[in-house]
Structure formats: C-alpha cells, structure tokens
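Report on the structure given below.
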Amino acid sequence: MQLYLIRHAQSANNSKPEAERVEDPEITELGHQQAAALARSLTTQKVDYLVTSGFLRTLQTTRYLAEALQAPVNVWRDLHEVGGCYRGHIPGQEQGAPGMNRDAILAEFPGVTIEDSIGAEGWWGCRPYETDDQAMQRGQQMLAQIVEQFAATQKVVVAVIHADFKVCLLRHILGQEFTQRHIGPMLNTGLTKFTFSEAGWRLDILNSITHLTNDQMS
C-alpha cells in the first residue's frame, strides 16, 4: 500500500486571527490555486482510494483531486481536525457545532460516498471539544483502519486531512518524539507519502510543496 497524507488548501481561517475564525470555513482564492496545482501534479498518479474529512475545506480540496484523477471520493467522519467542529477560540469555552450533515454534503458534492456514521445531525453533532489525548487515540484508530483495509493490497490511498491531525498520524508512524519543529509547519497542500509493507512503514516524501510556486505557499 502507498499512503498519501495531504493537508487541505488554504482556508479562510488560515488567513484570519483566531478571534475571527468560524467552525467550517471554505477555502480562499489562494486555496483554489493551491488545490488546482496539487491536482495537476498528481495527474499521472494512479489512485485507488480518495478519502477526506467532512469539513468543507477538505471536501473542496478533494474535489480538485477527484476531477483530475477520476477517482471517487469517500468521506470518513474521524479524519477531522483536532478538536472537532466547534465555535469559539478561548480554551475551555469552545462550543460544539454540528458540521455538515449527509444531505448538505451530497448537495454540494454529489456522488461522494459518505460513511454511515454521518447522518442528519451533522458529522460532528455538537459533541464536546476533543482533547489532544483523544485526538491521538483517534489517529491510532484511523491508521489501524487504513492498515486493516489496505495493507495487504497494492492500492494507492490518498487522504486529504488537516495540519494538527496530520501531526498526530506522523507521531504514530515516525515515533512519539516527532513534532513540527523537525520540519516546520504543515503547509497547505503539503504532501507526505508512505509505503507500507511487511517490513512496516517507509517514509518516501515529507511535507512536499514542490507543486506550488513561491507566491502560492502558505
């Protein structure tokens, strides 16, 4: 199995101070440029499974890949960013928000396959703010699910996810001592690639943004 972990394109929240951020922003004009550049860079790559979270910014980024790669999109609830879908920026005062529900996702992104756990109440369903420890546990569960589903195959899996959750996954694969200080920030549309075999995980590419021009980096 080959696994690509890709952070979404720039969202409106990425370009705003924390006090002005909303629970489910769309990608910016720069984000659209980044997603298009990412998709162009992968047009020669055969992809068997394209998966993303239920956030609008990941879905919008993934749409570019789906069109370029002619690959179906699968929405997994638990690939979301650390914390979940919430309103507020003051620690301890966050309020859970619903997130897009099944009908809203299908209306905006027809044809995607949505995990059964996402229903009418929204993919987050106004649950409490997720802690860092809970996010790490979820990351372990998501990797286990990917390995169980694809490890025995030669499939290429692309997951469009979020910066902090990507760090969670990298810590599980590369070791708990891994932090962002080793490579800097998880850049928008930054691409990381692993190969999984009987020998375990092999890191092939880490946080690459070679598909972007200098003025597209964020």
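Bear in mind these aren't lab numbers, they're just calculated from the coordinates by the rules spelled out. Owing to the predicted nature of the structure, the values given are computational and were not obtained by experimental measurement. Heads up, the Cβs are rebuilt from the backbone with ideal geometry, glycines too, and the neighbour counts pull from every protein chain shown.
Data for the structure
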{"read-out": "Residue among Glu18, Glu26, Glu198 with the largest mean-square fluctuation in a Gaussian network model of the chain, springs linking Cα atoms under 10 Å", "value": "Glu198"}
{"read-out": "Residue-span extension gain [Glu108 to Asp215] - 0.36 nm each, minus C-alpha spacing", "value": "35.6 nm"}
{"read-out": "Under 22 Å from Lys46, Cα to Cα: lysines that are on another chain or at least 8 residues apart", "value": "Lys155, Lys193"}
{"read-out": "Ranked Lys166, Lys193, criterion: other C-beta atoms within 10 Å, fewest first", "value": "Lys193, Lys166"}
{"read-out": "The stretch 1-59 versus the stretch 147-218: alpha-carbon centroid distance in Å", "value": "14 Å"}
{"read-out": "Near-label residues of the stretch 112-136 by backbone N, under 19 Å of a point 7 Å along Cα→Cβ of Lys155", "value": "112-118"}
{"read-out": "17 Å reach of a label modelled at Glu67, 7 Å along Cα-to-Cβ, counting backbone N of the stretch 1-19", "value": "9-10"}
{"read-out": "Global geometry of the stretch 2-216, whether rounded, prolate or oblate, following the gyration tensor of its Cα atoms and the 1.5 cut on a/c", "value": "rounded"}
{"read-out": "Shape category assigned to the stretch 93-218 from the gyration tensor of Cα positions, a/c cut at 1.5", "value": "rounded"}
{"read-out": "Lys16-Glu29 pseudo-label distance in nm [points 7 Å out on the Cα-to-Cβ vector]", "value": "1.8 nm"}
{"read-out": "Calculated [θ] (222 nm, deg cm²/dmol) that DSSP helices of n ≥ 4 give over the chain, each run adding -39,500 (n - 2.57)", "value": "-9500 deg cm²/dmol"}
